[in-house]
Amino acid sequence: MKFVADAMLGRLTRWLRMLGQDVEYFKQLEDSELLDIARNEHRTLLTRDMELYQRATAKGIQAYYLEGKSEPEKLAELDIRFEIPLKIDMEKSRCPICNSKIESVPKEQVKDKLKTNTFANYDSFWRCPKCGKMYWQGAHWGRIRDTLEKAEEILRKNKSAYFSM
Ligand SMILES: [Zn+2]
């Protein structure tokens, strides 16, 4: 399953990439270009734009219209529709910035690239081979987990309400 997200879904794109999904995203792109990418690369278009959604489906392009407003709502919705697991497995994660698969790097190799206390406090590190960005499960990890827990909670509470397709 591969996706292309519309310009309004930058945050969701980063979430989905962390969750291991292959999501293309461009800040500035004409709707027609977005539709071309979806068709040519067999990507499902994710959008919050009803008109664009309708244009896509009229052309036989796979598209999904997101109803959720918050990130947890959107993630819960996608879990139901596409069975996207809401657990981050760093071995499967993609770089939130550029969509490449991140790779685990031995701690000794990253020493001079990190602040001393980051290096001292964490043992597992990942790097994006394309853009070079480093990742570790730092202080922000609690917030990431909170959002995913909220999504799980929404799933449990009103799973049926999201079956609107
Ligand atoms: Zn990257």
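This table checks each residue for (1) open to solvent by less than 70 Å² (accessible area, probe 1.4 Å); (2) over 17 Å from the mean Cα position of the chain (by Cα); (3) polar (S, T, N, Q).
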{"residue": "ILE80", "(1), (2), (3)": "yes, no, no"}
{"residue": "ASP89", "(1), (2), (3)": "yes, no, no"}
{"residue": "SER93", "(1), (2), (3)": "yes, no, yes"}
{"residue": "ASN99", "(1), (2), (3)": "yes, no, yes"}
{"residue": "VAL110", "(1), (2), (3)": "yes, yes, no"}
{"residue": "THR116", "(1), (2), (3)": "no, yes, yes"}
{"residue": "ALA139", "(1), (2), (3)": "no, yes, no"}
{"residue": "ARG145", "(1), (2), (3)": "no, no, no"}
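Of the listed requirements (1) over 18 Å from the mean Cα position of the chain (by Cα); (2) of a type in the set (Val, Ile, Thr); (3) within 30 Å of ILE144 (Cβ to Cβ), THR57 misses just one: (3). Scanning segment 1-19 for residues that are surrounded by fewer than 18 Cβ atoms within 10 Å (Cβ to Cβ) and touching a residue at least 60 places away in the same chain (Cβ under 8 Å) yields a count of 2. Inside segment 23-42, residues that are surrounded by fewer than 12 Cβ atoms within 10 Å (Cβ to Cβ) and among the small types (Gly, Ala, Ser) make up a count of 1.
The values are calculated or read from the model by the stated rules, or taken from the named source; none is laboratory data. Everything numeric in this text was worked out from a predicted model, so none of it was measured. Using ideal geometry, Cβ is built from the backbone for each residue, glycine included, and neighbour counts are taken over all protein chains shown. When the accessible area is computed, the model is the full protein with side chains, heavy atoms only, and any ligands, DNA or RNA have been set aside. Shrake-Rupley method; radii C 1.70, N 1.55, O 1.52, S 1.80 Å.
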